[in-house]
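Peer 1: Just passing along the structure, written as C-alpha cells.
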Amino acid sequence: MITKRINKILVASMVCGFSAGLTSCDDLFTPALENNLELSEMYTDPTFARGLIDNAFLVLPYDGSSVSDVATDDAVSNDNSNTYKQMATGTWTSQTNPINQWETRYHSIQYCNLFLENIDKVQWDYTSEALNQMHMDLYRGQALALRGLHMFYLLRAHCGMVNGQLMGVPILTTYLGSDADYNLPRNTFKECIDQIMADFDEAMKYLPAKFGDVSADAVPAKYAAMGGNDAEYNRAFGNLQRGKIDATIITALKAQVALFAASPAYATGGAMSYADAAKYAADYLKLRGGLAAVDPTGWKWYDQKDFIKNYKFTDPDPIEIVWRGTVGDSHSMESDNFPPTQYGKGRINPTQNLVDAFPMANGYPITDGASGYDASNPYENRDPRLHAYILINGDKIGASGKTIITASDTKPTDPEYIDGLNHENGKSTTTGYYLRKLMRDDVNLSPSSTTDQRHFGARIRTTELLLDYAEAANEAQGPLAQVGGANYSAYDVVKALRARCHESGWQDPYLESIKGDQAKMRELIRNERRLELCFENHRFWDLRRWKASLTEGARGVNITSGSGSTNYAPINVEARQYDDYQIYGPIPYSEIRKWSNLEQNDGWAAK
C-alpha cells in the first residue's frame with residue numbers, strides 16, 4: 001500500500017530503485033516523511049489520482065537540446081565532464097551509463113499500473129455521469145499510452161543479445177508492491193514490442209484523434225447517449241488538453257516503434273518487418289494528407305519567429321509538429337552554445353564529418369565529380385541547410401549581428417580571438433564550427449542587456465515520420481514502390497524533402513540518377529535523416545539500429561590565412577571508442593548483481 005503523497009513517492013522511489021518498489025524506503029528518511037495519505041484517498045480526490053499519471057508524464061525522456069549527438073560522428077563537446085563525451089571515448093560500462101533508463105522507466109510503469117488498477121474506483125466528477133466517463137476515458141488512455149511509451153524507451157536502451165538471442169526486458173503489466181517477487185526473467189524482444197503495441201492500440205480506444213473543442217452536434221455518440229453535451233466534452237477533450245497524447249500521436253509512436261523493431265540490429269527478434277514499418281508510417285501520414293505533410297518551412301520549424309511569437313497553448317500545432325515539447329521564453333540553449341564573444345559556452349561543436357555530409361546546392365554529394373565542390377572555397381554553393389544548421393567561419397549570430405571568426409590564426413589582440421579554434425579552453429570551438437540549429441539568432445546574452453526569446457520544442461516531427469516511411473518502403477520493396485497503402489514512394493518523399501529548402505523549380509539530377517537503385521537510395525535516405533534530424537538526438541540511436549560503424553573519429557577544420565588566401569586543413573579532433581557489442585546498451589550492473597534471473601547482454605559482463 002502506498003502511504004505517501006504522490007510527489008514524495010516519486011522522490012523516494014527514484015532513490016530506492018526498481019527493486020524496492022514504491023513503499024519500502026521509509027528507513028532512508030529520518031524523521032519519516034509526513035503528510036501521509038492512504039491510496040484510497042484517490043477514489044474521492046481526482047487531483048490526487050491524476051498525480052500518479054502526471055509523474056509518469058513529467059519524466060518522459062525528451063530533451064529539447066542536443067545531448068547524445070556528441071557521442072557520434074556529428075558533434076563533440078568542449079566540456080570534458082560531458083558524460084556522452086566520456087562514453088564515446090571509451091568509458092561506457094554497465095555502471096557508468098548515461099543512457100540508462102532502467103529505474104526511471106520502471107518507476108513510471110509502476111505508476112501507470114497502479115493508476116490503471118484503481119481508475120475505475122475514482123469519482124472523477126459528481127455532477128455528470130457523462131463527464132465522469134469522459135475523464136475516466138481520458139486518463140485511462142493516457143496511462144496506457146504512457147506505459148507503452150516508457151516501455152519503448154526502456155527497451156531501446158536495454159535490449160540486447162543474450163547467448164545469441166535478442167532479448168527484451170521484464171514486462172510489468174500489474175503493480176508490484178514491496179512484498180512482490182522482483183527476481184523476474186527478461187521477456188523476449190518480440191514479447192516486449194507486442195506489449196508496447198497492445199498498449200498503444202488499447203489507448204486509442206479511449207482518446208480522440210486530436211484534442212480540440214467541438215460543437216454540440218459533434219459530441220461522440222458514446223457520450224451523447226449518456227446525456228453529455230459539448231461543454232462537458234470540451235472540458236475533457238477540448239483545446240485545453242492539447243499537448244497530451246492523442247490518437248494521432250499514438251499513430252506516430254507506433255510508426256517509430258515499428259521502424260526500430262524492423263531495423264538490422266533488431267530484425268532477428270521477428271517483431272516487425274520493413275513492410276510493417278512502412279504501413280505504420282503511412283497510417284500516420286494519411287492523417288496529414290500523405291505528401292501534403294511536407295511542410296515547406298518544416299526544415300526550419302524552430303525559427304518561424306512570427307508563428308512562435310503568436311502561438312498559444314490552446315492553438316493546434318503546425319503540420320510539421322506531431323507532438324510539441326515546451327513553448328516558452330528562455331536563453332538557455334543560446335547560453336550553452338553561442339560562441340564566447342556572444343557570451344556563450346560553445347558547448348556543441350559540429351564536426352567536419354557532418355559538414356561534409358551536406359550536398360552541394362545542385363544536390364550532388366561533394367564527393368561526386370558532378371558536384372562542382374571546390375575544396376579551397378568549401379562553403380559556397382552548398383545546400384541551404386548547411387548554413388541554417390551550422391555556424392561557419394564568417395557567419396553571423398546573436399542579436400549583435402557580429403561576424404564569428406573560427407580561424408586558428410587570429411591574434412589575442414583581435415576582438416574575435418576567443419571564438420577561434422581551441423583559443424578559449426572550455427568555451428571556444430574544438431572543430432572550427434559552432435551550433436546554429438534549434439537556437440534563436442535574436443537572443444542577446446550580454447550581461448548588461450540579456451534578452452530571452454520564445455522557443456518551440458518538438459518531441460516528434462512529421463519530417464521524421466516521412467523519413468521513417470522512406471526508409472521502410474525502400475527496404476521493403478525498393479525506391480519506387482508504393483508500400484503500406486500509400487500512394488507515394490520512398491523516392492517521392494525524398495524528392496519533396498530535398499526540394500523544400502530550395503527555390504521553386506529546383507531540379508535534383510542526383511536523385512534522378514539513383515532513383516532505381518535501392519542501395520544508393522538507402523545511402524541517400526540515411527544521409528537525409530542525418531541532415532534533417534541533426535542535433536535532435538537521433539543519430540546515436542540510428543547508427544546502432546542500422547548496425548553502422550560507430551568508430552569513425554570526429555574531425556574538424558583548421559582555418560588559416562596566408563599569402564592572401566584562406567586555407568582549410570582537416571584535423572582529427574576526437575576518437576570514437578566503441579566495441580561491436582555496444583550497438584546494444586547494458587542492463588545496470590546493480591540489477592544484475594541483485595537478481596539471479598536477470599541476464600546481462602552479451603559483451604557487457606566484464607564492464
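The values are calculated or read from the model by the stated rules, or taken from the named source; none is laboratory data. Predicted, not measured: the structure shown is a model, and the values here were computed from it. Quick reminder, even Gly has a Cβ in these numbers, built from the backbone with ideal geometry, and neighbours come from all protein chains shown. Accessible surface areas use protein heavy atoms only, side chains included; no ligands, DNA or RNA. Shrake-Rupley method; radii C 1.70, N 1.55, O 1.52, S 1.80 Å.
Peer 1: Residues that are free of Cβ contacts under 8 Å to residues at least 40 places away in the same chain and of a type outside the set (Phe, Trp, Tyr), at least 2 per element: which helices (runs of 4 or more DSSP H) completely within segment 33-121 meet that? Lay out the reasoning, then the answer.
Peer 2: Working: elements: 41-44, 46-58, 83-86, 102-118.
It comes to 46-58, 83-86.
Peer 1: Scan segment 257-280 and tell me whether some residue there is in contact (Cβ under 8 Å) with a residue 24 or more places away in the chain, open to solvent by less than 10 Å² (accessible area, probe 1.4 Å) and closer than 30 Å to residue 398 by Cα.
Peer 2: Among the residues of segment 257-280, not one is in contact (Cβ under 8 Å) with a residue 24 or more places away in the chain, open to solvent by less than 10 Å² (accessible area, probe 1.4 Å) and closer than 30 Å to residue 398 by Cα, which makes the answer no.
Peer 1: While we're here: Considering only segment 391-412, I want to know if a residue exists there that is among the basic types (Lys, Arg), within 30 Å of residue 287 (Cβ to Cβ) and not in a loop (DSSP other than H, G, I, E, B).
Peer 2: No, there is no match, as no residue in segment 391-412 is among the basic types (Lys, Arg), within 30 Å of residue 287 (Cβ to Cβ) and not in a loop (DSSP other than H, G, I, E, B).
Peer 1: I've got another one for you. Could you say whether any residue in segment 148-159 is assigned to a loop (DSSP other than H, G, I, E, B), over 26 Å from residue 191 (Cα atoms) and in contact (Cβ under 8 Å) with a residue 60 or more places away in the chain?
Peer 2: Among the residues of segment 148-159, not one is assigned to a loop (DSSP other than H, G, I, E, B), over 26 Å from residue 191 (Cα atoms) and in contact (Cβ under 8 Å) with a residue 60 or more places away in the chain, which makes the answer no.
Peer 1: Which residue pairs have Cβ atoms closer than 8 Å, lie 6 or more positions apart in sequence or on different chains, and pair a first residue in segment 289-312 that is closer than 26 Å to residue 486 by Cβ with a second residue that is of a type in the set (Asp, Glu)?
Peer 2: Listed by first residue and then by second, the contacts come to 291/492; 295/320; 297/320; 298/320; 299/532; 301/295; 301/320.
Peer 1: If you don't mind, another one. Consider only pairs whose beta carbons are under 9 Å apart and that are at least six residues apart or on different chains; among these, list those whose first residue lies in segment 502-514 and is closer than 17 Å to residue 470 by Cβ and whose second residue is among the β-branched types (Val, Ile, Thr).
Peer 2: 508/494; 511/494
Peer 1: Right, next: Can you pull out the residues in segment 360-402 that are closer than 22 Å to residue 334 by Cα and open to solvent by 50 Å² or more (accessible area, probe 1.4 Å)?
Peer 2: Hits for segment 360-402 are 387, 396, 399, 400, 402.
Peer 1: Name the residues in segment 203-253 that are touching a Ser or Thr at 6+ places or on another chain (Cβ under 8 Å) and among the charged types (D, E, K, R), would you?
Peer 2: 210, 230, 232, 242
Peer 1: Any residue in segment 420-431 that is at pLDDT below 95, under 22 Å from residue 79 (Cα atoms) and of a type in the set (Asp, Glu)?
Peer 2: Within segment 420-431 (the criterion being at pLDDT below 95, under 22 Å from residue 79 (Cα atoms) and of a type in the set (Asp, Glu)), the answer is yes, since at least one residue qualifies.
Peer 1: Identify all residues within segment 515-540 that are among the basic types (Lys, Arg) and either in contact with a strand residue (DSSP E or B) (Cβ under 7 Å, 6 or more places away or on another chain) or touching a residue at least 40 places away in the same chain (Cβ under 8 Å) (or both); write none if there are none.
Peer 2: Scanning segment 515-540 gives 522, 526, 529, 530, 539.
Peer 1: A further question on this structure: For residues that are over 13 Å from residue 338 (Cβ atoms) and in contact with a Lys or Arg (Cβ under 8 Å, 6 or more places away or on another chain), scanning just segment 417-435, find the one that is most open to solvent (accessible area, probe 1.4 Å).
Peer 2: Taking the candidates together, the pick is 417.
Peer 1: Where the second residue is among the β-branched types (Val, Ile, Thr) and part of a helix (DSSP H, G or I) and the first is within 15 Å of residue 204 (Cα to Cα) and modelled with pLDDT of 95 or more and lies in segment 125-143, which pairs have Cβ atoms under 8 Å and are six or more apart or on separate chains?
Peer 2: Hits for this filter: 136/119; 139/53; 139/119; 140/119; 142/53; 143/53; 143/119.
Peer 1: Now for a different question. Can you find a residue in segment 541-550 that is within 21 Å of residue 100 (Cα to Cα), among the aliphatic types (A, V, I, L, M) and either buried (at least 16 other Cβ atoms within 10 Å of the Cβ) or touching a residue at least 40 places away in the same chain (Cβ under 8 Å) (or both)? Spell out how you get there, then give the answer.
Peer 2: So in segment 541-550, the residues within 21 Å of residue 100 (Cα to Cα) come out as 541-547, 550.
The next check asks that each one be among the aliphatic types (A, V, I, L, M); those that pass are 543, 550.
With either buried (at least 16 other Cβ atoms within 10 Å of the Cβ) or touching a residue at least 40 places away in the same chain (Cβ under 8 Å) (or both) added as a condition, the list becomes 543, 550.
So far as segment 541-550 goes, yes, one or more of its residues are within 21 Å of residue 100 (Cα to Cα), among the aliphatic types (A, V, I, L, M) and either buried (at least 16 other Cβ atoms within 10 Å of the Cβ) or touching a residue at least 40 places away in the same chain (Cβ under 8 Å) (or both).
Peer 1: Residue 438: at negative phi, open to solvent by less than 50 Å² (accessible area, probe 1.4 Å), of a type in the set (A, V, I, L, M) and modelled with pLDDT of 95 or more, yes or no?
Peer 2: Working: at negative phi: no; open to solvent by less than 50 Å² (accessible area, probe 1.4 Å): yes; of a type in the set (A, V, I, L, M): yes; modelled with pLDDT of 95 or more: yes.
Spelling it out, it is not the case that residue 438 is at negative phi, open to solvent by less than 50 Å² (accessible area, probe 1.4 Å), of a type in the set (A, V, I, L, M) and modelled with pLDDT of 95 or more.
Peer 1: Checking the structure you have, find out if any residue of segment 348-368 is over 19 Å from residue 573 (Cβ atoms) and β-branched (Val, Ile, Thr).
Peer 2: yes
Peer 1: What single numbered condition from (1) of a type outside the set (Asp, Glu); (2) surrounded by 19 or more Cβ atoms within 10 Å (Cβ to Cβ); (3) under 30 Å from residue 247 (Cα atoms) fails to hold for residue 311?
Peer 2: (2)
Peer 1: When you go through (1) surrounded by fewer than 17 Cβ atoms within 10 Å (Cβ to Cβ); (2) among the hydroxyl-bearing types (Ser, Thr, Tyr); (3) at pLDDT 95 or above one by one for residue 62, which number turns out not to apply?
Peer 2: (3)
Peer 1: Within segment 97-118, can one find any residue that is touching an Asp or Glu at 6+ places or on another chain (Cβ under 7 Å) and closer than 30 Å to residue 556 by Cα? Even if it seems obvious, please write down each step before you answer.
Peer 2: Within segment 97-118, the subset touching an Asp or Glu at 6+ places or on another chain (Cβ under 7 Å) is 102.
Retained after the next criterion (residues that are closer than 30 Å to residue 556 by Cα): none.
No, segment 97-118 has no match at all.
Peer 1: Determine which single condition residue 165 fails, assuming it passes every other condition in (1) open to solvent by 30 Å² or more (accessible area, probe 1.4 Å); (2) in contact with a Pro (Cβ under 8 Å, 6 or more places away or on another chain); (3) more than 26 Å from residue 45 (Cβ to Cβ).
Peer 2: (2)
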